[in-house]
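The values are calculated or read from the model by the stated rules, or taken from the named source; none is laboratory data. Quick caveat, the model's predicted, so the values are computed rather than measured. Glycine gets a Cβ as well: all are built from the backbone with ideal geometry, and neighbour counts include every protein chain shown. Just the protein is used for accessible areas: all its heavy atoms, side chains included, with ligands, DNA and RNA removed. Shrake-Rupley method; radii C 1.70, N 1.55, O 1.52, S 1.80 Å.
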Amino acid sequence: MNRGLILKFENLLQLRGACWQLRTLSHRKVSRAQWKPVQSSAHPVGSVLLYPHFWQEDKSINIALAQRRHLATKEETKKKKKKVLLTKGEVEIRQKMTVEELAQAMGKDVDHIYEALLYTDIDLDSLEPDSILYEDHIKLIVKKSGMKYKSAKLKEEKERENTDAVKRPPADPAVLTPRPPVVTILGHVDHGKTTLLDSLRKTQVAAMEAGGITQHIGAFLVHLPSGEKITFLDTPGHAAFSAMRARGTHVTDIVILVVAAEDGVMQQTIESIQHAKNAGVPLILAINKCDKPEADPERVKKELLAYDVVCEEFGGDVQAVNISALKGENLMVLAEATVALAEMLELKADATGLVEGTVIESRKDKGKGPLTTAIIQRGTLRKGCVLVAGKTWAKVRFMFDENGKAVDAASPGIPVEIMGWKEVPSAGDEILEVESEQRAHEVVAWRTYVEQQEKLKKDVEVIEAKQKEHRMEYEKKHQQLAHLTWRQRKAVLYKANKHVMFLKPKEKTEVDKNVLSVIVKGDVDGSVEAVLNILDSYDADSECKLDIVHFGMGDISENDISLAEAFNGVIFGFSVKANESIKQLAAKKGIKIKLHNIIYKLVDDLKEELNSRLPPSVVENTIGEASVLNIFSVTVGKNKIPVAGCRVQKGLLDKKMKFKLIRNRDVIWKGSLSSLRHLKDDVQVIKAGMDCGLSLDKNIEFNIGDEIICYEEKEVPQTTSWDPGF
């Protein structure tokens, strides 16, 4: 019965399908075509195919079949197009490539890439064809595939044309004209360098200096009564400013070494001599503070013999002048000695053509923008000149002398302050004049490109070293988990890192408490450089990590506050200001701003901040000592508790304090007492000379001769072991 119904149902379905196809084909004009119902093998129930015996004669049917064949093979054609045949077996790679790009470059399919990454630290579940792979994994895949790789960027580096600006060839001696000597004053801290310049210039710069220390370099033109001109560079004598002193000697003709007659040769005195020798610059010795009763100029001269500084009276070629900068004694003698040495050196320069010079100092001014103090070494600088220095350029808008007076031109040997820079160049950068602003753009673009390429190479080296280190760590972990499947390994690693992944922000801050993030701001480039040099000497990362988040020139800004808030950092400002609104914003967000005008005070403040980040050390303070004279046990319920009969030898035993049990100089136990008795009474304190019985909070057997120590723990603040050297 049921079988009969099924057969009838099948016949009805076949009839319905035949009627539907006949209705569809009724609009076509098909001649001499005989149609025959055929049951499809793919659809045994309810599907009917009608086909003509003479289908070759029906063009419309031919087109339909062709389209069907095209659709069927479309996906296969796509896959074939993706494969690229390699002739040399060498794959051109980039630092970042997607999975699909790498497959195309290798002439493989995407599945091949997945297979190559099976036993690596990449999570295959999250990997898609458009996922980015980095260089270390790209190289690994290529190597596993038995191919070689080459960098795709090498061609670009070779093709790019060098558009840098360079110095002109040496000038013809016939066009050279005399120029003022450039004299650098070097010496130890507080030996009177600034006072000497003050006396020569008849100004009050020294009275404005913080702590009697020159905080950054200055260049001044001094007019002598004889009509001669001398350009002086005043360099800081503090240990932090070593780089500035070295830079000063590279643009100078003569070095005046200032040594205090009562102090003699000091650390920065020796360093200054070395700078002068390295630069090949002649010395003049100025023995200062000779008016003091304890002054001993002869001792200074003899001490300098040990450093190959031989004065004329000892048969050498170094002129020595005894002076008192404060009282103005013998200053003209020193100036005449400088002029005489300059005449012997026959200092000349080419005052024509494109300008060449050196940045002595740079800073930012609110009204004038980026400013540089520079020494012109060749050519004559005028308004409108286009200059390049480092990775910035300037069209000279104004020039000022050391007194802030505007000047129209600056010839060789003359110090000048230049206004018109797009960005602040670094102190020590070479200044070159170029023909146009377009040429300046080309030079800056080339220098930026070169710096990027150099940085890229260094980054690649660092990255490869880190990757190698991580690879070794990964392989070590992988060996330990080799017996597990990759899913099991993933689960084990997840459990191991779970506590870090789910830390709350507050807890993360506590984890990073021993990290000090700093933002450094300075008035001029040289000041920032000096502070950064101090921070570079930091060598106590194991105690507290020092992280320099940002550094720059200018007063404290809102951006600095935002950075400090993001990194939980401290702002250190050197010879800069923070206005009231900035201070209020910092106070509201709990950001510390440390402003200083003296370098060693900034260092002291930095060390205090580092100390506050260090966890306190726990120190044990012994209160009393007792020795075990007898041992017995008492029964409490079903348990036997060991009891020690003791006599207090020193101090006292206080039940509230902590105790430790020492046997043969080894600490056996640390903890608290469960009971302390004198005779039959429970007591809190037992004094020296008294006997007592005690039991511990843990069942530990006593031995006669054991020592019981009563102590308290105190937290003592730690201090950093970092010593910047001054």
**Request:** Looking at (1) without any contact (Cβ under 8 Å) to a residue 60 or more places away in the chain; (2) open to solvent by 80 Å² or more (accessible area, probe 1.4 Å), find the lone condition where G671 falls short.
**Result:** (2)
**Asked** Do we find a residue being open to solvent by 70 Å² or more (accessible area, probe 1.4 Å), touching a Gly at 6+ places or on another chain (Cβ under 8 Å) and at pLDDT 90 or above anywhere in segment 608-629?
**Response** yes
**Candidate set from segment 691-726 (those that are more than 59 Å from the chain's Cα centre (by Cα) and assigned to a strand (DSSP E or B)); member that is farthest from V643 (Cα to Cα)** = D691
**Fill in**
If you go through D121, D130, D136, the only one that is open to solvent by less than 70 Å² (accessible area, probe 1.4 Å), modelled with pLDDT under 85, touching a helix residue (DSSP H, G or I) at 6+ places or on another chain (Cβ under 8 Å) and not basic (K, R) is D136
**Request:** Hey, can you tell me all the residues within segment 665-681 that are modelled with pLDDT of 90 or more and out of contact with any Leu (no Cβ under 7 Å at 6 or more places or on another chain)?
**Result:** D666, V667, K670, S672, R677
**Item:** One residue from K577, K607, K601 being closer than 12 Å to L516 by Cβ and more than 19 Å from the chain's Cα centre (by Cα)
**Value:** K607
**Considering residues of segment 567-603 that are of a type in the set (A, V, I, L, M, F, W, C), in a helix (DSSP H, G or I) and modelled with pLDDT of 90 or more only, the residue nearest to D525 (Cα to Cα)** = I582
**Request:** Within segment 339-355, identify whether any single residue is over 26 Å from H223 (Cα atoms), touching an Asp or Glu at 6+ places or on another chain (Cβ under 6 Å) and either assigned by the TED database to the domain that holds L197 or open to solvent by 10 Å² or more (accessible area, probe 1.4 Å) (or both), and answer yes or no.
**Result:** yes
**Fill in**
Restricted to segment 575-601 and to residues being in contact (Cβ under 8 Å) with a residue 60 or more places away in the chain and buried (at least 18 other Cβ atoms within 10 Å of the Cβ), the residue farthest from V531 (Cα to Cα) is S575
**Complete:** Filtering segment 656-690 down to residues that are on the phi < 0 side of the Ramachandran plot and in a loop (DSSP other than H, G, I, E, B) yields K656, M657, S672, K680, V683, Q684, A688, M690
**Request:** Kindly indicate whether any position in segment 594-609 is within 18 Å of E713 (Cα to Cα) and of a type in the set (F, W, Y).
**Result:** no
**Complete:** Of (1) outside the structural domain of E437 (by the TED database); (2) in contact with a Ser or Thr (Cβ under 6 Å, 6 or more places away or on another chain); (3) not β-branched (V, I, T), A286 fails just (2)
**Message:** If the requirement is being modelled with pLDDT of 90 or more and closer than 20 Å to L224 by Cα, which of these qualifies: A410, A394?
**Reply:** A410
